[in-house]
């Protein structure tokens, strides 16, 4: 039986997703173009390929029990020195993300697993690159902000080329997933000269 590497996440919508992906690439992160900009609900997890229908049914049930909620990103944070990550902070919607990720990983479900670190919703913008580049990511995105109505999450599979591809989107409340235009636009304060 073959295995697949799956992940579940909330996509950061346009124009914010592409903007942050370009920024991540500009910091020299080689994973930038293979990972859509997202908030993780289930980190990379090995599963038996034949179990995919059970996984999809489980995620559909989790989505049906979930409701849309406001998401807002603002400023940067880091997990250094514990983990070499710089991220954009989730400042609204984090408790909803936490509620959903617990149900995705439910001990009685097909995606049951423990986490290496306590769950902390965030959007990675730099991972395992030079300290100087991580510092630059932290500083350059310190004034980043975005907000939107979160109405769904998606199941992704990592290919042999290390690129993550969406398999299916799950709308909250059990309906069809439709794109919701982002509210507002990315905003930044004028850079401060140092």
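The values are calculated or read from the model by the stated rules, or taken from the named source; none is laboratory data. Not measured: the values here are computed from a predicted model. As a convention, Cβ positions derive from the backbone with ideal geometry for all residues, glycine included, and neighbour counts pool all protein chains shown.
Give 47, 96, 32, 61 a once-over and let me know the one that is under 25 Å from residue 5 (Cα atoms) and surrounded by fewer than 17 Cβ atoms within 10 Å (Cβ to Cβ). Full working, then the answer.
Details: 47 fails: surrounded by fewer than 17 Cβ atoms within 10 Å (Cβ to Cβ); 96 fails: surrounded by fewer than 17 Cβ atoms within 10 Å (Cβ to Cβ); 32 fails: surrounded by fewer than 17 Cβ atoms within 10 Å (Cβ to Cβ).
Exactly one of 47, 96, 32, 61 is under 25 Å from residue 5 (Cα atoms) and surrounded by fewer than 17 Cβ atoms within 10 Å (Cβ to Cβ), namely 61.
Name the residues in the stretch 114-148 that are in contact with a strand residue (DSSP E or B) (Cβ under 9 Å, 6 or more places away or on another chain), in a loop (DSSP other than H, G, I, E, B), at negative phi and surrounded by fewer than 18 Cβ atoms within 10 Å (Cβ to Cβ), would you?
Within the stretch 114-148, 115, 116, 119, 120, 142, 143 qualify.
Which of the helices (runs of 4 or more DSSP H) found entirely inside the stretch 16-106 contain at least 1 residues meeting this: within 14 Å of the chain's Cα centre (by Cα) and modelled with pLDDT of 95 or more? If you could, list the steps in order and put the result at the bottom.
Values: elements: 16-26, 52-64, 94-104.
Ranges flagged: 16-26, 94-104.
Residue check: is residue 40 closer than 13 Å to residue 154 by Cα and either surrounded by 14 or more Cβ atoms within 10 Å (Cβ to Cβ) or in contact with a helix residue (DSSP H, G or I) (Cβ under 7 Å, 6 or more places away or on another chain) (or both)? First the steps, then the outcome.
Details: closer than 13 Å to residue 154 by Cα: yes; either surrounded by 14 or more Cβ atoms within 10 Å (Cβ to Cβ) or in contact with a helix residue (DSSP H, G or I) (Cβ under 7 Å, 6 or more places away or on another chain) (or both): yes.
Yes, satisfied.
When you check residue 52 against the structure, is it buried (at least 17 other Cβ atoms within 10 Å of the Cβ), more than 26 Å from residue 134 (Cβ to Cβ) and touching a helix residue (DSSP H, G or I) at 6+ places or on another chain (Cβ under 9 Å), yes or no? Explain how you work it out, then say what you get.
Values: buried (at least 17 other Cβ atoms within 10 Å of the Cβ): yes; more than 26 Å from residue 134 (Cβ to Cβ): yes; touching a helix residue (DSSP H, G or I) at 6+ places or on another chain (Cβ under 9 Å): no.
The answer is no for residue 52.
One residue is enough: does the stretch 70-91 have a residue meeting the conditions in contact (Cβ under 8 Å) with a residue 40 or more places away in the chain, touching a strand residue (DSSP E or B) at 6+ places or on another chain (Cβ under 8 Å) and within 17 Å of residue 156 (Cβ to Cβ)?
No, the stretch 70-91 has no match at all.
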